[in-house]
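Participant: Sharing a structure here in structure tokens format.
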Amino acid sequence: MSAPQEGTSMTQVSTAPMATATAAPGPTGRLRALLAMSGNPLDYVTGLRDQYGPVVRIPLGWRDLYMVSDPEAAHEILVTSHRNFAKDVMSAGRGKWAAPLEVILGNGLVTSDGTFHRKQRRLIQPMFHHERIAGYGRAFAELSDDIQSGWKDGDRLDLQVEMAELTLAIVARTLFDVSLDSDVAHTIRTAIPRHEGPLRWDSLPFARHLAKLPLPGNKRFYEGRDNLDAIVYRLMAERRQGDGQGADLLSLLLAARDADTGEPMEDLQVRDEAITLLMAGHETTASALTWAYHLLGSHPEARQRMHEEIDEVLGDRLPTVEDLPRLVWTDAVLSEAMRLYPPIMGVARRSLDDFEVCGRRVPKDSFVAIVPWVVHRDPQWWPQPELFAPQRWLETPRSAGPTDELAGHAVRPGRPRLAYLPFGGGPRQCIGNTFSRMEGVMALATLGRHWEFEPVPGFAVDTLARITIRPLRGLPVSARRRGARGVRH
Ligand code: HEM
């Protein structure tokens, strides 16, 4: 990663391009860029940031992608001037060739735009207020406790699989009020067409056409989606026959009324929002937890400190939301894991006008992307960026010692807010931010009471970066029951 480049410290973003703005630099060769992006995009884009600076033009397929890696510029795009950017990167303008997420998410919060999105966000936001999420705290802890009840000391586990099961159980309970062994959860588990069909082709220029071919993967994808739809409509019908008092998110979606018209959402819209929450809220948190365990595996002191904190705060009981303010180190572990391994690959927009950023011209209808991985590993904002150092996040660095220059630096006032953006920023920032942070810390704390995980010697953990960033071949570990090796139980 490069040191700050000349001319990058002063961020200028303007939708009226200045005469002095120059074309953004970048590599040549559309096919080469496309191949690089379909191979190991993280190394590729990090290298481009090093070589070309905070605005890079990447000739991707049939359109140009402008990667912006300056946090102030990211703030301007996502927050200050957000109305000059749309989210329909895959379905409008030159992006029309792509297979959009809409094939599964419909017109839910992630994929909708403009006035309609604002109306839906206003309607759904109260369901994610802190107090409402706190009501799910018990589910976070109990379901984390359930998942570990079948483990035995010395078991070889794939934590990626275990964390996906856990976050699926949580989303099944909080969204639909069903348990993991129900037929509903089974359908969700088998139906979620994660890496098949249209979503698999999403970075190819002819994806939209590939998505329509009668390929076995596409067929499975659409069958899975239809099964999922059937389940959601069935649950909606069941909720309507109930007393309307359910606390699960589906009941809340059905009960929501437009502030101006008093109208409920149409059934199709409830379906789209429910499936959006299911898809957006499941793999992301699983990935954050998996990477946290990967990092803890190779940092025994950080792991021990987390266990000491969990023992001190919880003893042998399950965590509650009231414990969260004292689980400071556990929280810092999660923040730092999402810094080094942000679960979402990129935050993308389409420019609705010509604009200028960091002295570079970005034409109207460009695909603009901010890649958290690149921003989070920039030494300009992150000293020793490759180092896993949860103490960066401590407001009052208890035992860090005066020589630890990293202690507390991530929370110091005056830093650009979007030097850290695993949840994006601005009006489109993740609605599940508080939900997943609470879920993540409570899962780490619940599991950490009894278990620690040793990496499997010689197993190389590589990244697979598509829409999310996850381990390519899972995360195999040996589960050690704490206490079984003389560790405090
Ligand atoms: C560690 C876990 C998570 C991460 C890293 C994450 C990341 C993100 C990011 C980066 C965005 C913004 C994309 C953009 O601006 O283009 C986003 C949006 C969104 N996320 Fe999350 N997310 C997580 C968990 C969740 C959960 C648990 C839910 C729901 C239960 C959720 C629901 C959503 C929704 C609905 C949006 C769209 C919001 C809008 O545009 O109004 N996410 N997420």
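Participant: Is it the case that residue 131 is more than 11 Å from the ligand (Cβ to nearest atom), under 29 Å from residue 461 (Cβ atoms) and either in a helix (DSSP H, G or I) or at pLDDT 95 or above (or both)?
Facilitator: no
Participant: Still on this structure, please answer the following. Taking segment 306-344 as the region of interest, how many residues are surrounded by fewer than 19 Cβ atoms within 10 Å (Cβ to Cβ), out of contact with any Lys or Arg (no Cβ under 6 Å at 6 or more places or on another chain) and not polar (S, T, N, Q)?
Facilitator: Residues in segment 306-344 being surrounded by fewer than 19 Cβ atoms within 10 Å (Cβ to Cβ), out of contact with any Lys or Arg (no Cβ under 6 Å at 6 or more places or on another chain) and not polar (S, T, N, Q): 10 in total.
Participant: Collect the residues in segment 73-85 that are over 19 Å from the mean Cα position of the chain (by Cα) and away from the ligand (no atom under 11 Å from the Cβ), keeping them in residue-number order.
Facilitator: Those that are over 19 Å from the mean Cα position of the chain (by Cα) and away from the ligand (no atom under 11 Å from the Cβ): 73, 76, 80, 81, 83, 84.
Participant: Next question. Would you confirm, using the coordinates I've provided, whether residue 230 is at pLDDT 85 or above, closer than 23 Å to residue 133 by Cβ and surrounded by fewer than 20 Cβ atoms within 10 Å (Cβ to Cβ)?
Facilitator: Considered against the rule, which asks whether it is at pLDDT 85 or above, closer than 23 Å to residue 133 by Cβ and surrounded by fewer than 20 Cβ atoms within 10 Å (Cβ to Cβ), residue 230 comes out as no.
Participant: To continue, here is another question. Could you count how many residues in segment 357-388 are in contact with a His (Cβ under 9 Å, 6 or more places away or on another chain) and either crowded, with 21+ Cβ neighbours inside 10 Å or under 28 Å from residue 85 (Cβ atoms) (or both)?
Facilitator: Of the residues in segment 357-388, 2 are in contact with a His (Cβ under 9 Å, 6 or more places away or on another chain) and either crowded, with 21+ Cβ neighbours inside 10 Å or under 28 Å from residue 85 (Cβ atoms) (or both).
Condition check ((1) modelled with pLDDT of 80 or more; (2) under 29 Å from residue 334 (Cβ atoms); (3) not in a helix (DSSP H, G or I)) across all residues:
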position: 145; (1), (2), (3): yes, yes, no
position: 150; (1), (2), (3): yes, yes, yes
position: 171; (1), (2), (3): yes, yes, no
position: 222; (1), (2), (3): yes, no, no
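Participant: Regarding segment 263-275, can at least one residue be identified that is near the ligand (Cβ under 10 Å from one of its atoms), surrounded by 19 or more Cβ atoms within 10 Å (Cβ to Cβ) and farther than 18 Å from residue 340 by Cα?
Facilitator: Just the residues of segment 263-275 that are near the ligand (Cβ under 10 Å from one of its atoms), to begin with: 273.
Imposing the further condition that a residue be surrounded by 19 or more Cβ atoms within 10 Å (Cβ to Cβ) reduces the set to 273.
Filter again for farther than 18 Å from residue 340 by Cα, leaving 273.
Yes, segment 263-275 contains at least one residue that is near the ligand (Cβ under 10 Å from one of its atoms), surrounded by 19 or more Cβ atoms within 10 Å (Cβ to Cβ) and farther than 18 Å from residue 340 by Cα.
Participant: Identify, from the list 332, 292, 337, the residue that is free of Cβ contacts under 8 Å to residues at least 60 places away in the same chain, assigned to a helix (DSSP H, G or I) and within 22 Å of the chain's Cα centre (by Cα).
Facilitator: On the way: 332 fails: free of Cβ contacts under 8 Å to residues at least 60 places away in the same chain; 292 fails: free of Cβ contacts under 8 Å to residues at least 60 places away in the same chain.
After applying the criteria, what remains is 337.
Participant: Still on this structure: Of all residues in segment 418-471 being β-branched (Val, Ile, Thr) and in a helix (DSSP H, G or I), which is nearest to the ligand (Cβ to nearest atom)?
Facilitator: This residue is 434.
Participant: Let me ask you something else. Consider residue 159 carefully, then state whether it is within 16 Å of the ligand (Cβ to nearest atom) and either at pLDDT below 90 or of a type in the set (A, V, I, L, M, F, W, C) (or both).
Facilitator: Here the answer is yes, as residue 159 does meet what is asked.
Participant: Sticking with this structure for a sec: Among the residues of segment 236-244, is any within 16 Å of the ligand (Cβ to nearest atom), under 23 Å from residue 173 (Cβ atoms) and modelled with pLDDT of 90 or more?
Facilitator: no
Participant: Evaluate the following for residue 374: is it touching a residue at least 12 places away in the same chain (Cβ under 8 Å), within 24 Å of residue 26 (Cα to Cα), assigned to a strand (DSSP E or B) and aliphatic (A, V, I, L, M)?
Facilitator: The answer is no for residue 374.
The values are calculated or read from the model by the stated rules, or taken from the named source; none is laboratory data. Since this is a predicted model, take the numbers as computed values, not measurements. Cβ: placed from backbone, ideal geometry, glycine included. Neighbour counts: every protein chain shown.
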